[in-house]
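Asker: Attaching a single structure in structure tokens format; questions to follow.
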Amino acid sequence: MSTQLLLTFLYLAIFLCYSLLRNKNSLLYQWPLLGMLPSLLVNVRALHDFITEGLRRAGGTFLFKGPSFINADYLVMSDPANINHIFNKNAANYDKGHDFKAIMEALGDGIFNVDGDSWKLQRKLLHSLLNNSEFEGHSTQILTQKMRSTLMPVLDRAARRRTTTEENNQLVDLQDVFKRFMFDNMCLLVLGFDPHYLPDVGSDDGGRLPDCECGKAFDVLERVAIYRHIVPVCLWRLQHRLGIGIEGECFRAWSTLDQFLYGSIKRKKQELATKHSVSNDVHERKKLDLLTQVLVMKDEDDGADGKIIDKKSDRFLRDITLTLIAAGRDTITACLTWVIWCVTNHPAIEKKILKELRQVMAARLLSSDIDGEERGGFFRNDELNKLVYLHATICETLRLYPPVPFEHKCAVEADVLPSGHTVRKEERIIFSIYGMARMEEIWGEDCLEFKPERWISEKGTILHVPSYKFMTFLAGARTCLGKNMSFTQVKSLASALLWNYKFELIDDGPYGRPTISLVLFMKDGLKTRVSKRDH
């Protein structure tokens, strides 16, 4: 009897393996009881491309069936008509949902995680903080100062060492450098202090970069977000309670960030308690970090129509600062990394960008009202506005490599989409922003080509593309508040880097693959050799 039972299990195992291998390239293959989960797990290392192929075969929308014994179904889509319906025409029927908040629980009650009144009040608050000329000038000043004191010296040192030592020892992981730089930059903007994960020029570090615990913690939480979208809720919750696997890493990363943020909030409150004059100077406070602005803001300043946020509570401050730091550090790092990768891989595009930079720099040198420092390799905001081709290059990078490759929604009530698909009440929806860029129906037969020209009109201006087609900054009421600031920062960084340095990509590894994470970083980093550019 035992031998017969063993043979039965062996036969079933062989049949399962054979069927899995036979159908591994079909995302839409539905297994008995297990749904489409086995095919997804087999292809999880190329998750974004695999879902893209599934959307292509299904015509832009399909229902992902999870195991029948748990609630793990998702409606996956890239159809612009459906997206326009959900984000604009019938937006009131779709919110984040309870499942998303559980998946992203480390973000607490930050604006990315909430709906309804809480979302509305936070959006009003953040709009008043971010969208004013004083803060824009402050953020530009900090970015330029940090480029001069940390980013450029690190790259200068790498370029000098390349000329004096073996080339193989002079690889610089630009993605890691950008992560450190942007974390420092966002901490200055949000918290008002610099953790120096990218050391200042002249620091006695021997060329070594310090351990970046908070940066690693962010990376872990972003991997966990994808993991929780894939595996059954009961499984990841059990792992989280037991503190094992990636959920154990999540617990430790969460604790690391909490300790960092609550400590920063405590220090800021103590600092302000000894400087009462700061809270009375409305004009001066606008030049300070966002945490200080919130702490000195009067309750009526949030414009909340009588509904007051407890903006002084440590929990609220922790959630909002975590959200802002994560948004700035991760999205700009990912975008800048892919910009350098794409430009360096397309020499003709690099030449066009350099030509545009030379024209702007030549116009500056003809000016009689600049000092010696302004003749350096940084571009002012008014000059950035003239860099149309660079702007188009960034748009094309964001199209093909969106920093956040998918978005999540949940239906409040049942609905019927323009495509004819039925949405059930409380059904979860995944929008593949990564997949949208690779659909011929949306971007044409050349959708897989890196082509900045698609963004430039015949008049030489940037073409407007509807947000439900180019969804990198989301759409409708949830459109990213920091869109303009993000473009300014990426253009400022990319123009300075491409003007001052040449980047040589190494060809001894499978570089250029995206991570399977909430943020589309480059899987193996961006390792390059750096040299100074002669003009």
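The values are calculated or read from the model by the stated rules, or taken from the named source; none is laboratory data. On a predicted model such as this, the values are computed, not experimentally measured, just so you know. Ideal geometry is used to build each Cβ from the backbone, glycine not excepted, and the neighbour counts take in all protein chains shown. These accessible areas exclude ligands, DNA and RNA; they are computed on the full protein's heavy atoms, side chains included. Shrake-Rupley method; radii C 1.70, N 1.55, O 1.52, S 1.80 Å.
Asker: Test of understanding: extend the Cα→C-beta vector of R364 to 7 Å, then name every residue of segment 122-143 with backbone N under 20 Å from that spot.
Answerer: Under 20 Å, as judged by backbone N against the label point of R364, lie 136-143 of segment 122-143.
Asker: What spacing in nm lies between the two simple spin-label points modelled at K386 and V412, each 7 Å away from Cα in the Cβ direction?
Answerer: 4.9
Asker: With a ≥ b ≥ c the root eigenvalues of the C-alpha gyration tensor of segment 375-484, is it rounded (a/c under 1.5), prolate (a/b larger than b/c) or oblate?
Answerer: The shape class here is prolate.
Asker: Can you tell me the relative contact order of segment 350-476? Whole percent, Cα pairs under 8 Å, sequence separation 6 or more.
Answerer: Once divided by the residue count of segment 350-476, the mean separation gives 24 percent.
Asker: State the antiparallel share, in %, of DSSP beta bridges confined to the chain, rounding to the nearest 5.
Answerer: 85
Asker: While we're here: Label points 7 Å out from Cα along the Cβ direction at A477 and K216: separation in nm?
Answerer: So the label points at A477 and K216 sit 4.1 nm apart.
Asker: Under the Karplus relation 6.51 cos²θ - 1.76 cosθ + 1.60, θ = phi - 60°, what is the ordered set of whole-Hz ³J(HN,Hα) values for segment 184-200, x standing for Gly and Pro?
Answerer: Taking θ as phi minus 60°, the curve returns 4, 4, 6, 5, 5, 5, 8, 9, x, 9, 10, x, 6, 5, 10, x, 5 Hz for segment 184-200.
Asker: Taking the chain as the region of interest, what is the percent of Cα-Cα pairs per 20 angstrom bin, listed from the shortest bin to the one with the maximum distance?
Answerer: The percentages, shortest bin first, are 19, 53, 25, 3, 0.
Asker: Between the helical axis of 347-365 and the dominant principal axis of the chain, each derived from Cα atoms, what acute angle in degrees is found, rounded to the nearest 10?
Answerer: 30
Asker: Divide the volume of the convex hull of the Cα atoms of segment 51-188 by its number of residues and quote the answer in cubic angstrom per residue.
Answerer: 224
Asker: Keeping every protein chain present and rolling a 1.4 Å probe, give me the accessible area per residue for segment 379-422 in Å².
Answerer: Per-residue accessible area for segment 379-422 comes out at 33 Å².
Asker: With +1 on the Cβ of every Lys and Arg and -1 on the Cβ of every Asp and Glu, and nothing else charged, how large is the dipole of the chain about its Cα centre, in debye rounded to the nearest 20?
Answerer: 360
Asker: Can I ask one more? On C-alpha positions alone, give me the angle between the axis of helix 152-164 and the longest principal axis of the chain, in degrees, nearest 10.
Answerer: Long axis of 152-164 versus the principal axis of the chain: about 90 degrees.
Asker: Could you give the length gained on full extension between K101 and Q141, defined as 0.36 nm per residue of separation minus the Cα-Cα distance, in nm? List each step's numbers first, then the result.
Answerer: Details: separation 40, 0.36 × 40 = 14.40 nm, distance 3.53 nm.
The span from K101 to Q141 would gain 10.9 nm if fully extended.
Asker: Moving on to the next point. Pull out the extension gain between R267 and K523, defined as 0.36 nm times the separation in residues minus the alpha carbon to alpha carbon distance; nm, one decimal.
Answerer: Taking 0.36 nm per residue and subtracting the Cα distance, the gain is 88.6 nm.
Asker: So what's the angle, to the nearest 10 degrees on a 0 to 90 scale, between helix 245-273 and the longest Cα principal axis of the chain?
Answerer: Here the helix axis deviates by roughly 30 degrees.
Asker: Express the relative contact order of segment 371-442 as a whole percentage, based on alpha carbon pairs under 8 Å and six or more residues apart in sequence.
Answerer: Working: 57 pairs, mean separation 19.5, N = 72.
Dividing the mean separation by the residue count of segment 371-442 yields 27 percent.
Asker: Of T52, N88, F378, whose Cα points farthest to the positive end of the dipole of the chain (charges on the beta-carbon: +1 Lys, Arg; -1 Asp, Glu; origin at the Cα centre)?
Answerer: Value computed over the given set: T52.
Asker: For segment 338-353 and segment 213-243, compute the distance between their C-alpha centroids and round to whole Å.
Answerer: First find each Cα centre; the distance between them is then 35 Å.
Asker: Then there's this: So, R0 is 60 Å and r is the distance between the beta-carbons of T422 and R148; what FRET efficiency does that work out to, to 0.05?
Answerer: Working: r = 57 Å, r/R0 = 0.94.
That gives a FRET efficiency of 0.60.
Asker: Here is a further query. For L463, enumerate residues with amide H under 5 Å from its amide H, sequence gap 5+ or separate chain, H modeled in the peptide plane.
Answerer: Amide H neighbours of L463, under 5 Å, 5+ apart: I456, S457.
Asker: What does the C-alpha gyration tensor say about the overall shape of segment 108-158? Classify as rounded when a/c is under 1.5, otherwise prolate if a/b is larger than b/c, or oblate.
Answerer: Oblate.
Asker: Over 24 Å between Cα atoms: which of K268/K311; K120/K491; K216/K351; K124/K409; K352/K469 fall into that group?
Answerer: K120/K491; K216/K351; K352/K469
Asker: Among 335-344, 144-153, what's the highest-first ranking by average C-beta atoms within 10 angstrom per residue? Mind dumping the intermediate values first?
Answerer: Values: 335-344: 23.3, 144-153: 18.4.
Ranking the peptides 335-344, 144-153 by packing returns 335-344, 144-153.
Asker: With n ≥ 4 as the cut-off for DSSP H runs, can you work out [θ] at 222 nm for the chain, using -39500 (n - 2.57) per run divided by the number of residues, rounded to the nearest 500?
Answerer: Roughly -16000 deg cm²/dmol at 222 nm, from the helical runs in the chain.
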